[in-house]
Amino acid sequence: MGLITLNRPDALNALTHQMVLAMSRALDAWEVDEDVSMVVVRGEGRRFVPAATFRPSIAPDWPVSRFNDFFADEYRLNARIEAYPKPYVALIDGIVMGGGVGVSIHGSHRIFTENAKFAMPEVTIGFFPDVGGSRFLPRLPGDFGLWLGLTGSRLGWDDALWSGLATHCVKSEVLDQLLALCASGATTDDALNAVCQHPARAIDDQTLAFIQNHFSAPDLVGLLDKLESASKSGDGVAARTLEKLSICSPTSLHVAFRQIRAGAQLSMRECMAMEYRIVNRMLQGHDFYEGIRAAVIDKDGAPQWQPSDLNSISTTAIDAYFEALGPDELAFGSTKGEAAPA
């Protein structure tokens, strides 16, 4: 068993560029090592990985290209995990967001404990659900993935299991037993079947029907129109959903909607290439830096989005996020040797 422990508990195990490169090297070595039959990744302490350690807004002297290197290597790692030829087991025993999603959800075995909390709230900070969100979100049932990507809603192990985000659920108290079984030579599935749980779905039928009805809209404006109409008719769920969307970056909502819809027809590598185009444009814009300022630096919770009105954003402006990068397109099979700053 090849074991990766994300051991930055004081920083909530947040990913750094150095960690991305180290994981890539480990996967390369273990793929050709006949003594390694599976890979297990876990987080130290009560966290898996909440996000990447990446705050370009407080390092203005670093060129954007250095941060592009971080994302390029992270996205290549995400694609590497999805295509890994050996069982890749992610033990998720805490918060999993951002970069943590990318190094877990694409694995062959995604193990959630009762402590697990999944979310992709990137649109609330002027970003978008990257690290392969365009690959797995549209493949969840009943437009559930689009709802997750636009609202940033949190899920526990119960809803992660029925939706397919989790492949198995286990109690946190048996994680050491599970690791011992894996290390003893038991197959991945035999080890999991010996300890897995089957928590019942937590989200109710009414909410699922609401999601499928409203989030199946062909475009973002149509989705919002349906929500506003339902809200005016006294639908409390629609009103609460509109309130969630109202605090998000209008640009991010447009980009995320198109990204998730497009990803349904794309391979993993195509999704990562698309996301790399988007992130290049996000790093040249306003809202990501403003979102980080409001959430992380000043912590005032009052981002000033530009544009601030969702309806004032043109189709042409959103098209630009998805345009090819020419010679700067994401290439696979290589990583940058120098890491961006933590």
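For the chain, which whole-number percentage of the solvent-accessible area (1.4 Å probe, protein heavy atoms only) is attributable to carbon and sulfur atoms? Looking at the chain in its full context, I get 48 percent from C and S. When the scattering of segment 178-242 is computed by the Debye formula from its Cα atoms alone, each counted once and equally, what is log10 I(q)/I(0) at q = 0.29 Å⁻¹? Reported log10 I(q)/I(0), two decimals: -1.16.
A Stokes-Einstein calculation at 10 °C with viscosity 1.306 mPa s, built on the Kirkwood radius of segment 217-291 over Cα pairs, returns a diffusion coefficient of 113 µm²/s. Would you please calculate the Kirkwood hydrodynamic radius of the chain over all C-alpha pairs and express it in Å, rounded to one decimal? The answer is 20.6 Å. The sum of -39500 (n - 2.57) across all DSSP H runs of n ≥ 4, divided by the residue count of the chain, sets its helix-only mean residue ellipticity at 222 nm to -12500 deg cm²/dmol. Phi-derived couplings, Karplus 6.51 cos²θ - 1.76 cosθ + 1.60 at θ = phi - 60°, listed residue by residue for segment 121-132: x, 4, 5, 6, 10, x, 10, 8, x, 8, 6, x Hz, with x used for Gly and Pro. Just to be sure I understand the curve: with the Debye formula and one point per C-alpha of segment 240-342, what is log10 I(q)/I(0) at q = 0.12, 0.17 Å⁻¹? Debye intensities relative to I(0), on a log10 scale: -0.50, -0.94. In straight-distance terms, cross-link reach from Lys232 covers every one of the lysines whose alpha-carbon lies under 19 Å from its own, apart from those fewer than eight places away in the same chain; here that gives Lys244.
For Val41, the amide hydrogen comes within under 5 Å of the amide hydrogens of Ile4, Val89, Ala90, Leu91, counting only partners 5 or more places away or on other chains and with H modelled in the peptide plane. Kirkwood radius for segment 110-256, taken over all pairs of different Cα atoms as the inverse mean of 1/r, rounds to 16.8 Å.
Show which aspartates and glutamates lie in cross-link reach of Lys299 when reach means a straight Cα distance below 14 angstrom and same-chain residues fewer than eight apart are skipped. Partners within reach: Glu290.
Taking the square roots of 5 times each eigenvalue of the Cα gyration tensor of segment 132-185, largest first, gives ellipsoid semi-axes of 29, 12, 9 Å.
For the chain, the solvent-accessible area of protein heavy atoms averages 42 Å² per residue (probe radius 1.4 Å; ligands and nucleic acids excluded).
Derived scalar couplings between HN and Hα for segment 77-88 equal 5, 4, 5, 4, 5, 4, 9, 4, x, 10, x, 10 Hz in order, rounded to whole Hz, by the Karplus curve 6.51 cos²θ - 1.76 cosθ + 1.60 (θ = phi - 60°), x for Gly and Pro. Pairs of Cα atoms in segment 85-187 fall into 10 Å distance bins, from 0 up to the last occupied one, in shares of 15, 48, 27, 9, 1 percent.
The values are calculated or read from the model by the stated rules, or taken from the named source; none is laboratory data. What you see is a predicted model, and the numbers here were worked out from it, not measured in a lab. Keep in mind that these areas ignore ligands, DNA and RNA; they rest on the heavy atoms of the full protein, side chains included. Shrake-Rupley method; radii C 1.70, N 1.55, O 1.52, S 1.80 Å.
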